């Protein structure tokens with residue numbers, strides 16, 4: 001402990017791993033809370049497990065006071081395993097997702113264009129001349 005998804009000030013979530021002694025020390029540095037390392041409730045993994053609600057509440061409070069980008073940056077700067085949780089807008093805007101062709105647009109006969117994960121294997125491994133299309137509507141291919 002601490003480990004989990006924490007809500008940020010901008011209503012995003014950040015996943016943080018501070019369970020090992022090394023990661024907890026780094027997390028306390030990122031949080032500017034070095035005194036937590038001297039607190040008997042958090043002195044070792046067993047003590048932290050017994051005090052999981054308290055340590056998670058402290059981290060949750062810290063994260064709730066900043067935007068997700070700031071929390072992620074502070075954790076990464078201290079080598080704390082952490083990352084923002086993507087929503088669909090983040091996922092489809094991610095440059096790596098786009099570069100790998102992990103999202104495509106298909107035509108739905110009822111609602112029009114739909115962005116989705118492409119059929120497998122990924123387009124980079126297939127013939128680029130193939131087009132993406134949705135399966136036929138239910139009960140139309142009996």
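The values are calculated or read from the model by the stated rules, or taken from the named source; none is laboratory data. Here the structure is a predicted model, which means the values were calculated and not measured. No Cβ is skipped: glycine too gets one built from the backbone with ideal geometry, and neighbour counts run over all protein chains shown.
Before moving on, here are some points about what is shown:
- Failed condition for residue 80, given (1) assigned to a strand (DSSP E or B); (2) modelled with pLDDT of 90 or more; (3) surrounded by 12 or more Cβ atoms within 10 Å (Cβ to Cβ): (1)
- Applying the condition of being surrounded by 18 or more Cβ atoms within 10 Å (Cβ to Cβ) and part of a loop (DSSP other than H, G, I, E, B) to segment 1-18 and asking which residue is modelled with the lowest pLDDT yields 1.
- The residues in segment 26-40 that are touching a residue at least 12 places away in the same chain (Cβ under 8 Å) and in contact with a helix residue (DSSP H, G or I) (Cβ under 6 Å, 6 or more places away or on another chain) can be counted, and the count is 4.
- Test: residue in segment 46-62 that is without any contact (Cβ under 8 Å) to a residue 12 or more places away in the chain, surrounded by fewer than 18 Cβ atoms within 10 Å (Cβ to Cβ), within 22 Å of the chain's Cα centre (by Cα) and assigned to a loop (DSSP other than H, G, I, E, B): no
- Only residues that are at pLDDT below 95 and assigned to a loop (DSSP other than H, G, I, E, B) were counted across segment 19-31, and they come to 2.
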